[in-house]
Amino acid sequence: MATTAAPAARSALDEMKSGAFVRKDSVYRNRIEKEGKHPPEADRYHLYVSLACPWACRCVAGLYLKGLQHSIGLSVVHPTWQRTRADNPDDQHTGWAFCTPGTDAAPFSSSTGHGSFPCHDSCIPDNVNNTKFIRDLYELSNDTNGKYTVPILWDKKLNCIVNNESSEILRMFNADFNDTLSKNPTVDLYPEEHRAAIDDINDWVYHSINNGVYKCGFAQSQEAYDTAFDELFSALDKAEAMLTKQRFLLGDDLTEADIRLFVTLIRFDEVYTVYFKTNKKYIKDYTALSNYVKDLYQTKGIKESVDMWHIKTHYYTSHPKLNYYAIVPKGGEAWWEGDHDRHRLAKKPVAWMA
């Protein structure tokens, strides 16, 4: 029987315009609302993530900082992309796949067949829908066109995707479960008095740093790369100058702006400097930024969102156009685990961080 050609599923590597990387917006944008379609209820929601993905790890940090891990389930994919429809030769899509630690007979391999990458203990299978791929969850929600991204906030009662935009999931975790499920309701990552300033910082951090490293790494022209490179390091210099004077981006208050910057900085030296050609300077070479990364990494709740095995394995094994032989660099010492001096800049203690 002839196979039917599937619609062209996309990945980030396909999002190009005139040699420059242009990220598409997320599609699912529903919200958790008391009187809405998706009200805050215990054991109703499930979070699907990759611990390699910086966008998904924003949500993981929010989940733990707010103490929601007891009420919202979590599944963690294997970091190496796999063929999601290997039985269909017309469908060449590769993407996030689940594995079960201790039971999968064959380790995952890169899409080129180079390298073997076992299922790690930190991988958590889909025990809600029993799917094999993140793509399956989108198809359960009647989406067959891609792109099949993480994070996904899933409603188990209605059996559908609530939201797949990390910034919105982070804000829902911050506020919309406070009255019912959050064990840390006093943690406020988006305080009302700072919202305008947070939004302003998020804007340039997203365009120049979070997405800026991808614009460098996925560029297909020298001009696009040079433009992104210069914008990235100008923004890093701006962040360094701000953090030389204060502990966090908003002064004494740790906010979502810090989490959003941190997820890129923690990946920078081990991945982006090599893989995305952002090689002007390491984060460890910045005095303020390096100590800032140590401070955030050693904060309970944020630390749980970092797994360097997932991070390095994903980037170096999932994009054959960038690393055909899927060789994972050994990297250096875990400098982010060392002592830092950030407390000297605190004018007041952050009560919930004590």
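The values are calculated or read from the model by the stated rules, or taken from the named source; none is laboratory data. A quick note: this is a predicted structure, and the numbers were derived from the prediction, not measured. Note that we place each Cβ from the backbone using ideal geometry, even for glycine, and neighbour counts take in every protein chain shown.
Scanning the stretch 224-245 for residues that are over 23 Å from residue 58 (Cβ atoms) and either of a type in the set (Val, Ile, Thr) or touching a Gly at 6+ places or on another chain (Cβ under 7 Å) (or both) yields 224, 227, 244.
You will find that of 6, 12, the residue that is modelled with pLDDT under 90, farther than 30 Å from residue 174 by Cα and either surrounded by fewer than 16 Cβ atoms within 10 Å (Cβ to Cβ) or not assigned by TED's automatic domain parsing to the domain that holds residue 206 (or both) is 6 and no other. Inside the stretch 159-202, residues that are under 21 Å from residue 46 (Cβ atoms) and part of a helix (DSSP H, G or I) make up a count of 10. Only a single criterion out of (1) assigned to a loop (DSSP other than H, G, I, E, B); (2) of a type in the set (Asp, Glu); (3) out of contact with any strand residue (DSSP E or B) (no Cβ under 8 Å at 6 or more places or on another chain) is not satisfied by residue 43, namely (3).
Quick grid of which residues meet (1) closer than 19 Å to residue 45 by Cβ; (2) in contact with a His (Cβ under 9 Å, 6 or more places away or on another chain); (3) surrounded by fewer than 16 Cβ atoms within 10 Å (Cβ to Cβ); (4) charged (D, E, K, R):
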position: 71; (1), (2), (3), (4): yes, no, no, no
position: 101; (1), (2), (3), (4): no, yes, yes, no
position: 106; (1), (2), (3), (4): no, no, yes, no
position: 112; (1), (2), (3), (4): no, no, yes, no
position: 120; (1), (2), (3), (4): no, yes, no, no
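Among the residues of the stretch 200-226, those that are surrounded by fewer than 21 Cβ atoms within 10 Å (Cβ to Cβ) and of a type in the set (D, E, K, R) comprise 200, 203, 223, 226. If residue 134 satisfies every condition in (1) over 21 Å from residue 57 (Cβ atoms); (2) buried (at least 20 other Cβ atoms within 10 Å of the Cβ) but one, which is the exception? Tallying (1) over 21 Å from residue 57 (Cβ atoms); (2) buried (at least 20 other Cβ atoms within 10 Å of the Cβ), residue 134 fails exactly one: (1). Among the residues of the stretch 231-284, which ones are part of a loop (DSSP other than H, G, I, E, B) and either of a type in the set (Lys, Arg) or not assigned by TED's automatic domain parsing to the domain that holds residue 334 (or both)? Once the filter is applied, which keeps residues that are part of a loop (DSSP other than H, G, I, E, B) and either of a type in the set (Lys, Arg) or not assigned by TED's automatic domain parsing to the domain that holds residue 334 (or both), the stretch 231-284 yields 247, 277, 280, 281.
Please determine whether any residue of the stretch 161-175 is surrounded by fewer than 19 Cβ atoms within 10 Å (Cβ to Cβ), farther than 30 Å from residue 191 by Cβ and in contact (Cβ under 8 Å) with a residue 12 or more places away in the chain. No, the stretch 161-175 contains no residue that is surrounded by fewer than 19 Cβ atoms within 10 Å (Cβ to Cβ), farther than 30 Å from residue 191 by Cβ and in contact (Cβ under 8 Å) with a residue 12 or more places away in the chain. Annotation note: of 42, 56, the sole residue that is over 24 Å from residue 313 (Cα atoms), in contact with a Leu (Cβ under 9 Å, 6 or more places away or on another chain) and not charged (D, E, K, R) is 42. Scanning the stretch 98-150 for residues that are on the phi > 0 side of the Ramachandran plot and at pLDDT below 95, we see that the one that is nearest to the chain's Cα centre (by Cα) is 146. The set of residues from the stretch 324-335 being within 10 Å of residue 114 (Cα to Cα) and either free of Cβ contacts under 8 Å to residues at least 60 places away in the same chain or in contact with a His (Cβ under 6 Å, 6 or more places away or on another chain) (or both) comprises 325, 326.
With respect to the stated conditions, residue 193 fails to be closer than 19 Å to residue 50 by Cα and modelled with pLDDT of 95 or more. Just one residue in the set 180, 144 is of a type outside the set (Gly, Ala, Ser), within 22 Å of residue 34 (Cβ to Cβ), surrounded by fewer than 19 Cβ atoms within 10 Å (Cβ to Cβ) and in contact (Cβ under 8 Å) with a residue 60 or more places away in the chain; that residue is 180. Checking the structure you have, find out if any residue of the stretch 61-83 is among the aliphatic types (A, V, I, L, M), modelled with pLDDT of 95 or more and more than 19 Å from residue 128 (Cα to Cα). Within the stretch 61-83 (the criterion being among the aliphatic types (A, V, I, L, M), modelled with pLDDT of 95 or more and more than 19 Å from residue 128 (Cα to Cα)), the answer is yes, since at least one residue qualifies.
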